[in-house]
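Notes for the one structure printed next.
Derivation of every value follows stated rules applied to the coordinates shown; laboratory data play no part. Just so it is clear, the structure is predicted and the values come from calculations on it, not from any experiment. For neighbour counting, all protein chains shown are included, and Cβ atoms are generated from backbone atoms with ideal geometry for every residue, glycine included.
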Amino acid sequence: MDIELSAEDRVFQQEVRAFLKENAATPGSDPQQWRAKWFAAAAAKGGWDVPKWPRRFGGPGWTPSQQYVWDKETAAYALPVDSPFGVAMLAPILMAYGTQEQQERFLPDIRSRKVNWCQGYSEPGAGSDLAALKTRAVLSADGTHYVVNGTKIWTSAAHLADWIFCLTRTSDTGKRQQGITFLLFPMKQPGIEVKPIITLGGRHAVNMVHITDVKVPVENRIGKEGEGWTYAKGLLQHERTGIAGISRSLVALASLKEKARGVRYGDGNLFDDTAFRAKVAAVEIDLMALEFTELRSLAAAAAGGGPGQESSILKLKGTEIQQRIQKLNVEAAGIYSAVWRPVSDPILDGPKFAHDAMEGFLTGRAATIYGGASEVQRDVIWKNVLKTRV
Ligand SMILES: Cc1cc2nc3c(=O)[nH]c(=O)nc-3n(C[C@H](O)[C@H](O)[C@H](O)COP(=O)(O)OP(=O)(O)OC[C@H]3O[C@@H](n4cnc5c(N)ncnc54)[C@H](O)[C@@H]3O)c2cc1C
């Protein structure tokens, strides 16, 4: 599909393509050096290292359609891994609700990727029902700091993180949402214990985080005490839009077709099989429809404001599509994907991609859970999008 871009956006698309051709070369023998080189080149272009940031914070100040072009063009390249927690999630909250002092203190290290962040929202008793969270922050008598106690769960990359942005409870009176406070504090300090959780795909990506008597200066509170829920919700909309991964799915779908063409099937290859092709076509049609939804949401964003309730539609459908593609990868690999082995262990006669197919499928199960489970997105869509139209 080729979405109609304006003349200016086409010029911009050419500029992005030229930049990627020159700077997005393969990692080579030194991934660290490759990473540093990529971000330096992107920064030198005028804030392309923080593509979604506005100009006043050092970003390129792109329009939503320019951001769309960037996402689409970069998806085809294996760029250095970039954690979303700092640049894409916390930064917009700091820009909107942080003090100037907090912005000056945290944004430069987020931008340089010197400080890794993690997100402390979910708790053993608070996932979909996030307002049930119990991690307690008690303000000291002299009003200089909070003392935080509690347990967070499913905290992605907590074992690699330097800092956490954390939802805490500061009050039990009134509506549950009104007693929540948004705090920032370092992970590498006494009182923080990180325990790994190994997921279905065999990865260590998430953790349990125990927080015991951790002192957090009041300067590390975002916005007002008890108003953290508002900031947290804004952040979730940024998170959901990112998880939808439409550009990544377009690349994954093209790759699936390529893989299927390489799998022997009867006298031809798997992609000649009409039943398999029909499944691929069904995903492609849904992906195309979702891309139009994304463009509609971008047009609305261009008219002002951040990602709105459409982020729930994008998250819901985007993650379902990811999972359907992952399932088709497994189907294409056939029995060879049933045994999951490291790449160094050759699979006799089987396609090379069978190594990753099952791991991708199993790990991908989580996408319809994190950032708000699918059932909850359906609820949000009903309450905020559909109900308003009936
Ligand atoms: C891989 C992974 C990474 C994660 N990373 C992070 C992270 O970095 N930071 C963080 O804070 N959290 C993280 N999470 C947590 C994630 O946000 C929660 O798992 C999610 O919000 C669901 O909460 P829960 O697991 O407690 O499930 P529950 O809320 O207990 O839900 C269980 C089931 O009940 C359904 N359900 C719940 N309420 C309703 C309802 N009202 N109507 C209909 N159905 C409902 C759910 O859809 C789900 O199917 C991560 C989770 C995963 C799996």
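Each Lys and Arg Cβ is given +1 and each Asp and Glu Cβ -1; about its Cα centre, the chain then shows a dipole of about 480 debye. Positive end of the dipole of segment 1-121, charges at C-beta (+1 Lys, Arg; -1 Asp, Glu), about the Cα centre: which of 88, 108, 44 has its Cα farthest in that direction? Result: 108. With neighbour counts taken as other beta-carbon atoms within 10 Å, the residues 378, 264, 111 rank, fewest first, as 264, 378, 111.
Computed over the chain, the per-residue total of -39500 (n - 2.57) for DSSP H runs of n ≥ 4 gives a 222 nm mean residue ellipticity of -14000 deg cm²/dmol, rounded to 500.
In order along segment 122-133, the phi-based Karplus estimate (6.51 cos²θ - 1.76 cosθ + 1.60, θ = phi - 60°) of 3J(HN,Hα) comes to 5, 9, x, x, 8, x, 4, 8, 5, 5, 7, 4 Hz; Gly and Pro are listed as x. Shown here are the Rg and Dmax of the Cα trace of the chain, at 22.3, 80 Å. For the chain, the residue among 385, 179, 62 whose Cα projects farthest onto the positive side of the dipole built from Cβ charges is 179. Once the Kirkwood radius over Cα pairs is known for segment 162-232, the Stokes-Einstein relation at 10 °C and 1.306 mPa s delivers a diffusion coefficient of 116 µm²/s.
In percent, how large is the relative contact order of segment 215-331, given Cα pairs closer than 8 Å and 6 or more residues apart? Dividing the mean separation by the residue count of segment 215-331 yields 38 percent. Projected onto its three principal axes, the C-alpha set of segment 201-243 covers 39, 31, 14 Å, listed from the longest axis down. Among 282-294, 186-198, sorting by the average number of other beta carbon atoms lying within 10 angstrom of each residue, highest first, gives 282-294, 186-198.
D by Stokes-Einstein for segment 1-160, Kirkwood Rh over Cα pairs, 10 °C, 1.306 mPa s: 86 µm²/s. About its Cα centre, the dipole of segment 134-264 is roughly 820 debye, where the only charges are +1 on Lys and Arg Cβ and -1 on Asp and Glu Cβ. Per residue, the average separation of C-alpha pairs within less than 8 Å and at least 6 apart gives segment 191-237 a relative contact order of 29 percent. On a per residue basis, the convex hull of the C-alpha atoms belonging to segment 4-86 measures out at 99 Å³. Using only Cα atoms, tell me the angle between helix 100-111 and the longest principal axis of the chain; keep it within 0 to 90° and round to the nearest 10. On a 0 to 90 degree scale, this one is about 30.
With N the number of residues in segment 94-210, Rg(Cα) / (2.2 N^0.38 Å) evaluates to 1.12.
As a ratio to 2.2 N^0.38 Å, the alpha-carbon radius of gyration for segment 74-115 is 1.32. Using Stokes-Einstein with the Kirkwood hydrodynamic radius over Cα pairs, what translational diffusion coefficient do you get for segment 155-197 at 4 °C and a viscosity of 1.567 mPa s, in µm²/s rounded to a whole number? The diffusion coefficient I find is 108 µm²/s. Sequence-distant contacts, meaning Cα pairs under 8 Å at least 6 residues apart, place the relative contact order of the chain at 12 percent. Of all beta bridges that DSSP places with both ends in the chain, some 85 percent have antiparallel geometry.
Between residue 44 and residue 15, the modelled label-to-label distance comes to 1.7 nm, taking each label 7 Å out from Cα in the direction of the beta carbon. Ranked by the mean number of other Cβ atoms within 10 Å of their residues, highest first, the peptides 49-59, 30-40, 158-168 fall in the order 158-168, 49-59, 30-40. Applying a threshold of 20 Å to the alpha-carbon distances of 52/315; 72/114; 224/383; 21/257; 114/224; 114/134 flags 72/114; 224/383; 21/257; 114/224; 114/134 as lying beyond it. Applying a threshold of 26 Å to the alpha-carbon distances of 327/387; 37/259; 317/387 flags 327/387; 37/259 as lying beyond it. Helix 64-74 axis versus longest C-alpha principal axis of the chain: approximately 50°, rounded to the nearest ten. Dimensions of segment 223-328 along the principal axes, based on C-alpha atoms and rounded to the nearest Å, stand at 67, 27, 16, largest first.
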